Amino acid sequence: MDPKDFRNCMGHFATGVTVVTSETETKTHGFTVNSFTSVSLDPMLVLVSVDRNTKALDVLKDNNFIVNVLRDDQQDTAMHFAGRPQDPKPFEWEKGLLGQRIKHSLAHIECEPWVAYDGGDHVLYLGEVKNFEYYSGQPLLYFCGKFSEVTGK
């Protein structure tokens, strides 16, 4: 089986788009993630899958993180944190309980580290939810290598 073809197959599963932010001693780091899911309600846990080749891997190790669920009008923010910096920055920071988060996101899920698992070429970080907020609006989606939107109800 061809890994590239498998990736194309998995691209047929529409996902939401998030930016995961985390603090270090010197700054706030963020990266775009679509491999994110809820894991448990008791305790409240979420999972973020991080490529071993990304700079964010070390930032998340044993560190708090915030999942910022993006709105349909935050494509530039997603691209900025996917390694294509925008100038001027297409977002504003706001202070959350556990660090800086992206203002005007559809939802914020603030987590303390729970456990990390080997996931092959990724590391699976589970976080215990310590705070969350959500707002009305439409999500930014990713489908077959492109941003997409919810249509109809």
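Of all residues in region 22-33 being among the polar types (S, T, N, Q) and surrounded by 17 or more Cβ atoms within 10 Å (Cβ to Cβ), which is modelled with the highest pLDDT?
Within region 22-33, the subset among the polar types (S, T, N, Q) is 22, 24, 26, 28, 32.
From what is left, the residues that are surrounded by 17 or more Cβ atoms within 10 Å (Cβ to Cβ) are 22, 32.
Working: S22: 96, T32: 93.
Across region 22-33, the extreme among qualifying residues is S22.
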Of residues in region 116-137 being in contact (Cβ under 8 Å) with a residue 60 or more places away in the chain and more than 18 Å from P43 (Cα to Cα), the one surrounded by the fewest Cβ atoms within 10 Å (Cβ to Cβ): D121
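Do we find that F65 is of a type in the set (F, W, Y), in contact with a Pro (Cβ under 9 Å, 6 or more places away or on another chain) and surrounded by 15 or more Cβ atoms within 10 Å (Cβ to Cβ) in this structure? It would help to see each step written out before you state the result.
On the way: of a type in the set (F, W, Y): yes; in contact with a Pro (Cβ under 9 Å, 6 or more places away or on another chain): yes; surrounded by 15 or more Cβ atoms within 10 Å (Cβ to Cβ): yes.
So F65 fits the description; yes.
Name the residues in region 33-87 that are of a type in the set (S, T, Y) and more than 17 Å from V115 (Cβ to Cβ), would you?
Correct list: T54, T77.
Based on this model, can you work out whether K153 counts as modelled with pLDDT of 95 or more, among the basic types (K, R) and more than 13 Å from V19 (Cα to Cα)? Before the answer, list the steps.
Values: modelled with pLDDT of 95 or more: no; among the basic types (K, R): yes; more than 13 Å from V19 (Cα to Cα): yes.
Here the answer is no, as K153 does not meet what is asked.
Having 1 or more residues that are more than 26 Å from R52 (Cβ to Cβ) and not charged (D, E, K, R) is the bar; report the strands (runs of 3 or more DSSP E) wholly within region 74-129 that clear it. It would help to see each step written out before you state the result.
Numbers: elements: 93-95, 100-102, 107-119.
Strands (runs of 3 or more DSSP E) meeting the threshold: 93-95, 107-119.
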Condition met for L140 (within 16 Å of the chain's Cα centre (by Cα), of a type in the set (A, V, I, L, M) and surrounded by 12 or more Cβ atoms within 10 Å (Cβ to Cβ)): yes
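Would you mind stating whether E92 is acidic (D, E) and either at pLDDT 95 or above or within 16 Å of the chain's Cα centre (by Cα) (or both)? I'd like the intermediate steps shown before the answer.
Working: acidic (D, E): yes; either at pLDDT 95 or above or within 16 Å of the chain's Cα centre (by Cα) (or both): yes.
The answer is yes for E92.
Which one of these is touching a helix residue (DSSP H, G or I) at 6+ places or on another chain (Cβ under 6 Å) and crowded, with 16+ Cβ neighbours inside 10 Å: P90, P113? Working first, answer last.
Working: P113 fails: touching a helix residue (DSSP H, G or I) at 6+ places or on another chain (Cβ under 6 Å).
Result of the check over P90, P113: P90.
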Members of region 68-87 that are surrounded by fewer than 16 Cβ atoms within 10 Å (Cβ to Cβ) and among the charged types (D, E, K, R): D73, D76, R84, D87
Meets criteria (assigned to a loop (DSSP other than H, G, I, E, B), out of contact with any Phe, Trp or Tyr (no Cβ under 6 Å at 6 or more places or on another chain) and hydroxyl-bearing (S, T, Y)) for S49: no
Test for F6: is it modelled with pLDDT under 95 and not β-branched (V, I, T): yes
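The values are calculated or read from the model by the stated rules, or taken from the named source; none is laboratory data. This structure is a prediction, so every number in the text was calculated from the model and none was measured. Don't worry about glycine lacking a Cβ; one is built from the backbone with ideal geometry, like all the others, and counts go over all protein chains shown.
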